[in-house]
1. Among the strands (runs of 3 or more DSSP E) lying completely within region 56-148, list those that include at least 3 residues that are closer than 25 Å to residue 167 by Cα.
2. Please specify each residue of region 161-184 satisfying the condition of being surrounded by 14 or more Cβ atoms within 10 Å (Cβ to Cβ), at pLDDT below 95 and in a strand (DSSP E or B).
3. Name the single residue, out of those in region 9-26 being assigned to a helix (DSSP H, G or I) and surrounded by 17 or more Cβ atoms within 10 Å (Cβ to Cβ), that is nearest to the chain's Cα centre (by Cα).
4. Taking region 34-56 as the search range and keeping residues that are at pLDDT below 90 and loosely packed, with under 15 Cβ neighbours inside 10 Å, which one is nearest to residue 67 (Cα to Cα)?
5. Within region 113-140, take every residue that is without any contact (Cβ under 8 Å) to a residue 40 or more places away in the chain and in contact with a strand residue (DSSP E or B) (Cβ under 9 Å, 6 or more places away or on another chain) and give me the one that is surrounded by the most Cβ atoms within 10 Å (Cβ to Cβ).
6. Exactly one of these conditions fails for residue 117: (1) at pLDDT 95 or above; (2) within 21 Å of residue 38 (Cα to Cα). Give me its number.
7. Answer yes or no as to whether residue 82 is modelled with pLDDT of 95 or more, surrounded by 15 or more Cβ atoms within 10 Å (Cβ to Cβ) and over 14 Å from residue 24 (Cα atoms).
8. Given the condition within 19 Å of residue 133 (Cβ to Cβ), under 14 Å from the mean Cα position of the chain (by Cα), without any contact (Cβ under 8 Å) to a residue 40 or more places away in the chain and buried (at least 16 other Cβ atoms within 10 Å of the Cβ), answer yes or no: does some residue in region 66-76 qualify?
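The values are calculated or read from the model by the stated rules, or taken from the named source; none is laboratory data. Computed from a predicted model, the values in this text were never measured in an experiment. Cβ placement follows ideal geometry from the backbone for every residue including glycine, while neighbour counts extend to all protein chains displayed.
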């Protein structure tokens, strides 16, 4: 079983979720603006949704395919950042990066700081060859985070996702281990 880890950045502690984080998660996730560009995140985000999310990602077994870091400032969870890889056994050596932060902290560089630390961990510790991410193209803040990480825009997939009976486009970005500066 994988061992969850903690990563410290200049302003953040990135750590595994704990059951006691449910109140903080509910506070930021139950915001209609926060959830606007999210896929598969219900709104309103209920206490049951929150407890299920925290239970799922505080289980160390979840780290075998989706290490999910709680973004913590001064002991308060303000968001999350993760890498998702479906089948580590077939050695695709790629992972999907995802991130979400409380609306009150948008535009402060915290998401980029957290994502940079997790991408670095993914390449240097987990040994991934490629990390990619996607977002709704209307979510300018999200694709700017990807660009600040040095990711390249790879394509626009039209009507790629369906959520709440609406087809959504997906803008994909990616970066290779060699582009991150990790020598093979």
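1. Output list reads 76-84, 94-101, 130-135.
2. 161, 168
3. 25
4. 40
5. Looking at residues that are without any contact (Cβ under 8 Å) to a residue 40 or more places away in the chain and in contact with a strand residue (DSSP E or B) (Cβ under 9 Å, 6 or more places away or on another chain), I get 115.
6. If we test residue 117 against (1) at pLDDT 95 or above; (2) within 21 Å of residue 38 (Cα to Cα), just (2) comes out false.
7. The answer is yes for residue 82.
8. yes
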